[in-house]
Amino acid sequence: MNFTGINKTYGCLGFSCPERSVSTALYVLSYVSAAAVVLLTVCGNLLIIISVCHFKQLHTPTNMLILSLAVSDCLVGVFVIPVALIWMIESCWLFSALYRTCYILIASFLTTTSVFNVVLIAVDRYFALSKPFLYNKTVSLSAMCTVVLSNWFVLFIYNIALQYFNGSFVSHNCPQDYFLLLSQVWSLVDLVLTFVFPLAVIILVYGQVFFIAKKHATAIRELNSHTRTQTSKNMTDSMKSERKAAKVLGILVSVFLACLLPYFVYSVLGNIVEIEVDSFQKVLMLVYLNSAINPVIYALFYPWFRRSVKLILTLQIFYADSALINVL
């Protein structure tokens, strides 16, 4: 790749990549930073995938949802983020129009799948906490795998329909037409189905989880109120639990809003006002970076993940019967 400047014509009428005005050092630093983001996203999610697949103790219905989330986020790191960062750094779409079409479909499908995996995790946690006996009786590993596969299949069909009816499969004169906003009708449909609905479910479900946890903590305090020492200890523990639940809820909703809200605002406003490509690129990257943040939010809160990572990095997973090691 030529670091002194890029000016390629792609056969579009009057279109060529703009000359770079940044220094070589900054250009190289941009690619190094991009590689770091890709490695963080891929490796973080890959550690979750290896952990859940390898250790038999982690073969639970809830962890199947975490695995599904990690797979979708890892694929975003492999297929979506690198291309988005190259497009951003070069300020030009360097790939063909056919690849643009495939890229739009893959990016839309994987990010939507990631969002709905978060929703399923929220519903799973609420069901397990509110009705634990019914949950253990009805939710099996095979049933959860069926739910996960159905989720991926339905979202794949939805994204194909979304891109088809929006005209994304129609060939364009210029590969730079990658910058494609949804039509007014489909932008509203996509806004409701992939943002408003998931956000409403997450807020509602995690709100219920918080109140149920608080109710359980209150019951424990009342049950042990006959012992002053235990009362003090349980009150302290329950207060910490409530604060932690509120903190996690706040992080989940805040990250979801911060990463996805700008994109949907741009998507809707793009049919009303003119939006610069550079600005929209940054908004798209914010959506994709959610896949790098998800491992921190949904995995690092679990002690089993830290133990699993230690076993993986020390290569203990290659020992005989390592799948039976206690990581819980």
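Bear in mind that the values in this text are calculations on the coordinates, not laboratory data. Computed from a predicted structure; not experimentally measured. Because the Cβ atoms are built from the backbone with ideal geometry, glycine has one as well, and the counts that use them run over all protein chains shown.
Put in order of Cβ neighbour count within 10 Å, fewest first, the listed residues 108, 254 become 254, 108. Using the beta-carbon distance between residue 282 and residue 253 and R0 = 25 Å, what value does 1/(1 + (r/R0)^6) give for FRET efficiency, to the nearest 0.05? For R0 = 25 Å, the calculated efficiency reads 0.70. Just to verify a number: FRET efficiency for residue 36 and residue 322, C-beta to C-beta distance, R0 = 35 Å, to 0.05? It comes out at approximately 0.70. Could you tell me which of the pairs 56/137; 214/310; 137/310 are separated by over 27 angstrom between their Cα atoms in the structure shown? Those over the limit are 214/310; 137/310.
If the segment from residue 91 to residue 143 were pulled out straight at 0.36 nm per residue, it would be longer than the present Cα-Cα gap by 14.1 nm.
Summarising the label geometry, the points placed 7 Å from Cα in the beta-carbon direction at residue 29 and residue 43 lie 2.2 nm from one another.
Just to verify a number: FRET efficiency for residue 189 and residue 106, C-beta to C-beta distance, R0 = 25 Å, to 0.05? Working from the Cβ atoms, E equals 0.80. Sorted fewest first by neighbouring Cβ atoms within 10 angstrom, 87, 186 come out as 186, 87.
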